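Chemist: Quick one: structure below, then a few questions.
The values are calculated or read from the model by the stated rules, or taken from the named source; none is laboratory data. Worth saying up front: this structure is predicted, and the values here are computed from it rather than measured. We place every Cβ from the backbone using ideal geometry, glycine too, and count neighbours over all the protein chains shown. Side chains included, ligands, DNA and RNA excluded: accessible areas come from the protein's heavy atoms. Shrake-Rupley method; radii C 1.70, N 1.55, O 1.52, S 1.80 Å.
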Amino acid sequence: LIQLDSEKAIDLLVNSVDEGVDGGASLEAQFATIVKQLHNDEKHLYEFLRSFFTKRKTDYNTEKLAEFHDFHVALCIKYQPELLLDFLKACSFYSMEAALVICRAHRPSPLYREIVFILGRMGGRQNTKQALNIIIEKLKDVHQAIEFVEREADEELWSILVAACVKDANLIGHLLQHAGAHNVDPVHLIRCIPEKMVVPGLSQGILKTFQDIKLQLHLREGCNSILKQDVLDLLKKLYRKRKRAIKVFQGQRCEICFNERKNVKDSYVIFATGEVYHYSCLDQFVNRSFDYESQQNKKIVNHAKALNTNRKNL
């Protein structure tokens, strides 16, 4: 069937792998059987792996099928290296060390973008430095370098990026083009440029940098205005709630002594949540020498603290 119509045959194989219900073979066992059958036909084996990854990504990106991911990486580099980066980003169970070795050994040239991604995923100061150097020296992509450094949030990488760019007039020009839109200090960058270096598009780069910075300032001012208005609206809402009358029901009892009143002259403390206390009861509660936090009735504890804090206003 593969010889007659390989595309339909591959689809049939992909759809034939099920979850292994009703006592049948497990998904990984079925998958391994197909891989074994196609082992001597690498091209169609790769097409099966790619098709399964594309159509059943959730099933494929599992630890159960992890042993086939490294094989997928090797075949992808051999037949469709342009699709490798998407696979590396989507899957989590391949060996990064093995993938890194294969990408570096690729000819006629190493797969630099894939190497950068793997080094970044591996993490570590040494790996991120290697990745940044590859972006600058091999890919010469300043925009990607800036994004990489921002993602890693490492001040030392910023220094490496600026130091590398000031050695190349074209790179420093590109860095100036993107500096304003990112967290790059344009003043420091301009001061690092050697005095006699001729930078293509220097004036346009500086102009764009400050235009981007001006735009950022306008955006921040707009955001601050919105936040101030939100604060004002919330303050008005709080004020309206605080000035509302509090309804006290006839016969409502003190939350501490549970009596309606001690005497006619006794003052009351009423909270916005509706609780009523005799001032003397709550005052005695405040002045007791024990740990508030150890009390079971947290509500009374909180009200006692509020009374203690605002005693001067009562």
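Chemist: Taking 0.36 nm per residue of sequence separation and subtracting the Cα-Cα distance, how much length would be gained by fully extending the chain between Ser26 and Ser51, in nm to one decimal?
Modeler: Residue separation times 0.36 nm, minus the Cα-Cα distance, leaves 7.1 nm.
Chemist: OK, next. Could you work out which residue, out of Lys140, Lys214, Lys298, moves most in a Gaussian network model of the chain, that is, has the largest mean-square fluctuation with Cα springs under 10 Å?
Modeler: The residue that fluctuates most here is Lys298.
Chemist: Pop a pseudo-label 7 angstrom from the Cα along the beta-carbon direction at both Ser6 and Lys167 and give the gap in nm to one decimal.
Modeler: Reported label-point gap for Ser6 and Lys167 is 4.5 nm.
Chemist: Return the carbon/sulfur percentage of the accessible area of region 1-138, one whole number, probe 1.4 Å, all protein chains in place.
Modeler: Reported share for carbon and sulfur atoms: 51 percent.
Chemist: Please compute the per residue accessible area over the chain with all protein chains in place, 1.4 Å probe, rounded to a whole number of Å². Before the final figure, lay out each step's value.
Modeler: Numbers: 19940 Å² over 314 residues.
Per residue, the chain has an accessible area of 64 Å².
Chemist: Another question, then. Once Rh is set to the Kirkwood radius over Cα pairs, what Stokes-Einstein translational diffusion coefficient, in µm²/s, holds for region 136-213 at a temperature of 4 °C and a viscosity of 1.567 mPa s?
Modeler: Estimated diffusion coefficient is 105 µm²/s.
Chemist: Would you please give the residues with an amide H less than 5 Å from that of Tyr268, counting only those at least 5 places away or on a separate chain, with H modeled from the backbone geometry?
Modeler: Tyr279
Chemist: Further, regarding this structure: How much length, in nm to one decimal, is gained on full extension between Lys140 and Thr62, taken as 0.36 nm per residue of separation minus their Cα-Cα distance?
Modeler: 24.5 nm
Chemist: For His303, what is the net charge nearby, where nearby means another residue's Cβ is under 9 Å from its Cβ and Lys, Arg count +1, Asp, Glu -1?
Modeler: That works out to 0.
Chemist: On a 0 to 90 degree scale, rounded to 10, what angle separates helix 42-55 from the longest Cα axis of the chain?
Modeler: Result, in degrees: 20.
Chemist: I've got another one for you. Give me Rg over Rh for region 110-178, both radii from the alpha carbons and Rh done the Kirkwood way, two decimal places. Show your work: numbers first, answer last.
Modeler: On the way: Rg = 11.1 Å, Rh = 11.8 Å.
Rounded to two decimals, Rg over Rh is 0.94.
Chemist: To continue, here is another question. Pairing the Cα long axis of helix 155-165 with the longest principal axis of the chain, what angle in degrees results, from 0 to 90 and rounded to the nearest 10?
Modeler: Between the helix axis and the principal axis of the chain, the angle is about 40 degrees.
Chemist: Cut-off under 19 Å on the C-alpha distance; same-chain residues fewer than 8 positions from Lys140 excluded. Which lysines are left, in chain and number order?
Modeler: Lys129, Lys167
Chemist: Using r as the Cβ-Cβ distance of Tyr268 and Asp230, and R0 as 30 Å, what FRET efficiency do you calculate, to the nearest 0.05? Before the final figure, lay out the partial values.
Modeler: Numbers: r = 36 Å, r/R0 = 1.20.
That gives a FRET efficiency of 0.25.
Chemist: May I ask you to list the aspartates and glutamates whose Cα is less than 18 Å away from that of Lys214, ignoring any residue fewer than eight positions away on the same chain?
Modeler: Asp185
Chemist: Ok, one more. Below 17 Å, Cα to Cα, which aspartates and glutamates can Lys241 reach? Residues fewer than 8 away in the same chain don't count.
Modeler: Excluding near neighbours in sequence, the set is Asp230, Asp233, Glu275.
Chemist: Now a separate question. Using R₀ = 41 Å, calculate the FRET efficiency as 1/(1 + (r/R₀)^6) where r is the Cβ-Cβ separation of Leu207 and Gln130; round to 0.05.
Modeler: Plugging the Cβ-Cβ distance into 1/(1 + (r/R0)^6) gives 0.75.
Chemist: Take the Cβ-Cβ distance between Leu238 and His188 as r, set R0 to 41 Å, and report the resulting FRET efficiency rounded to the nearest 0.05.
Modeler: Step by step, r from the Cβ atoms, then E = 0.40.
Chemist: Counting only helical runs of four or more DSSP H residues, what would the 222 nm mean residue ellipticity of the chain come to if each run contributes -39,500 (n - 2.57) and the total is spread over all its residues?
Modeler: That calculation yields -19000 deg cm²/dmol at 222 nm.
Chemist: Relative to the present Cα-Cα distance, how much length would full extension add between Ile246 and His218 at 0.36 nm per residue of separation?
Modeler: Contour length minus the Cα-Cα distance gives 5.6 nm.
Chemist: When the Kirkwood hydrodynamic radius is evaluated over all pairs of different C-alpha atoms of the chain, what value in angstrom, to one decimal, is obtained? Mind showing how you got there, number by number?
Modeler: Working: mean 1/r = 0.0368 Å⁻¹.
Radius from the Kirkwood sum: 27.2 Å.
Chemist: Further question: What are the semi-axes of the equivalent ellipsoid for region 7-163, taken as the square roots of 5 times the Cα gyration tensor eigenvalues, largest first, in whole Å? Intermediate results must be reported in sequence, preceding the final value.
Modeler: Numbers: eigenvalues 259, 52, 27 Å².
Output for region 7-163: semi-axes of 36, 16, 12 Å.
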